[in-house]
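The values are calculated or read from the model by the stated rules, or taken from the named source; none is laboratory data. Quick caveat: nothing in here was measured; it's all calculated off a predicted structure. Here the Cβ is made from the backbone with ideal geometry for all residues, glycine too, and neighbour counts use every protein chain on show.
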Amino acid sequence: MKERLSILILAFATLMMGSCIYPFTPEIADVDIGLIVIEGDIRIGAESYIFVRNTQQLGTIGTPVNITADVWVESDKGEITRAGNYRDGAHIIDTRNLDPRNSYRLHVKPHGQSSAVEYVTDWLEVIITPEIEEVSFRVDELEKKITFHVSTTNSDTNPYYKWNCNEVWEYTSQFYASHVFNPSRNTVEECRGENTHYCWDRDVVPNIMTASTEALTENRLVNHQIYELPFMSDKLDYLYSLEVIQSSISAEAYVYWEVMLRNTDQTGGLFSPQPSELRGNIHCVGDSSRVVLGYVSASKVSSHRIFVSVDDFPLQNKRQNCSAFIEINLAEHSKMRRYYYGGYDVVFLDEMTQMTSWSERRCVDCRVKGGTKEKPDFWPNNHN
């Protein structure tokens, strides 16, 4: 594979014969680019999320392939800080307490490749980021969305900014189960432990979010929009939290991300094939012919968290299409087992009639949608 990353731009051609126009659909070869993409920053004052992935084949639609790797940060003093967790495709490094006076570089050794293959960034000096003055949201009823905005002022002359956002949201099942079926005993019992009504889920916003004040009269951003969510997003089901992490970056990093932003608008994602040649500040020390995409910065970051409740915007009907309750007598053990293993859960028991009411598990157990019962320490409400 050549080192240059390029895509052949095919021209749309038509052949006109007399008064007839014959459409022409070009055939595009399904080429596997197979490049490594490393995305993430060394964030002093916050955890660093490093993603290692392969680019997709041309014409491929789907989720890019995550690559597990040994990932660590090295300081110019010889100190090593290794990734201690791997979650949702991210290698997470605890860089919160690193010394911003040092220089750092990132190391990545993908699993399954030659032991000589190692990707390393240039040495990076830490850029100090101004504090976030405010993170706010606006309700756009016309476009039916919520937009998030950041305000900041930098006394330094560096005009380049980049943001990363972490999302956490609480959601609920449609029904709150007061009872649970115990298949080992064939009994319906009152819920005394964890409920299955409240769940939490999380994600890292994949969007490229940058800005420059270079053309402004002062190094200040007021209500600069960085992100948006439609009212109908499942993330806005009950209570939503957005943590905004702000970084000051170099001019070179800003140019890289602006080019990447234009490319992803065309191709649909950071890990899709990129039509422009993008060479960042990462190189392969074991094989100079290997091309790697990505630009890693080192910043002393600032952060701010904001919450949005379902009560903050017009109520949307996002309830699942759950059927009417199925009534089963408490004595019908085999029928209850059949429905339980068929994807149903009991919702409640009428002690007087000895009738149990059942619904699809997705309507009763919030964990079916992928979340967990792990409530974040910073969450503001009291229920679990």
With criteria (1) crowded, with 21+ Cβ neighbours inside 10 Å; (2) modelled with pLDDT of 95 or more, E243 comes up short on (1)
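Would you be able to tell me the number of residues in the range 125-155 that are basic (K, R) and part of a strand (DSSP E or B)? Full working, then the answer.
Residues of the range 125-155 that are basic (K, R), as a first pass: 138, 144-145.
Cutting the leftovers down to part of a strand (DSSP E or B) gives us 138, 145.
Looking only at that region, the number is 2.
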What's the number of the only condition in (1) loosely packed, with under 12 Cβ neighbours inside 10 Å; (2) within 22 Å of the chain's Cα centre (by Cα); (3) modelled with pLDDT of 95 or more that Y49 fails to meet? (1)
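Residues N97, N102, N182: which one is assigned by TED's automatic domain parsing to the domain that holds L261 and out of contact with any Ser or Thr (no Cβ under 8 Å at 6 or more places or on another chain)?
Values: N102 fails: out of contact with any Ser or Thr (no Cβ under 8 Å at 6 or more places or on another chain); N182 fails: assigned by TED's automatic domain parsing to the domain that holds L261.
None of the other options fit; the residue is N97.
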Boolean, N195 is in contact (Cβ under 8 Å) with a residue 60 or more places away in the chain and at positive phi: no
Every residue from the range 104-124 that is of a type outside the set (A, V, I, L, M) and either assigned to a loop (DSSP other than H, G, I, E, B) or over 28 Å from the mean Cα position of the chain (by Cα) (or both): H111, G112, Q113, S114, S115, E118, D122, W123
When I208 is run through (1) within 28 Å of P376 (Cα to Cα); (2) more than 20 Å from the chain's Cα centre (by Cα), the failure sits at (2)
Only one of (1) closer than 28 Å to L349 by Cβ; (2) assigned to a strand (DSSP E or B); (3) among the small types (G, A, S) is not met by A211, so which one is it? (1)
Any idea which of (1) surrounded by 18 or more Cβ atoms within 10 Å (Cβ to Cβ); (2) closer than 17 Å to S248 by Cβ is the one R105 doesn't satisfy? (2)
Condition first: outside the structural domain of V308 (by TED's automatic domain parsing), assigned to a strand (DSSP E or B) and either modelled with pLDDT under 95 or out of contact with any helix residue (DSSP H, G or I) (no Cβ under 9 Å at 6 or more places or on another chain) (or both). Can you find one or more residues in the range 156-163 that meet it? no
Consider L98 against the criteria (1) in contact with a Leu (Cβ under 9 Å, 6 or more places away or on another chain); (2) part of a loop (DSSP other than H, G, I, E, B); (3) at pLDDT 95 or above: it satisfies all of them except one. Which criterion is unmet? (1)
Among (1) touching a residue at least 60 places away in the same chain (Cβ under 8 Å); (2) surrounded by 20 or more Cβ atoms within 10 Å (Cβ to Cβ) - the single one S151 does not satisfy: (2)
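Hand me the list of strands (runs of 3 or more DSSP E) wholly inside the range 295-384 holding 2 or more residues that are outside the structural domain of I38 (by TED's automatic domain parsing) and exposed (fewer than 15 other Cβ atoms within 10 Å of the Cβ). Lay out the reasoning, then the answer.
Working: elements: 298-300, 302-309, 326-329, 344-350, 355-360.
Where strands (runs of 3 or more DSSP E) fall fully within the range 295-384 and carry at least 2 residues being outside the structural domain of I38 (by TED's automatic domain parsing) and exposed (fewer than 15 other Cβ atoms within 10 Å of the Cβ), they are 326-329.
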Would you check if I21 is of a type in the set (A, V, I, L, M, F, W, C), assigned by TED's automatic domain parsing to the domain that holds I245 and at pLDDT below 50? yes
Can you pull out the residues in the range 301-326 that are in contact (Cβ under 8 Å) with a residue 60 or more places away in the chain and more than 30 Å from I42 (Cβ to Cβ)? S309, V310, D312, F313, P314, Q316, K318, R319, Q320, C322
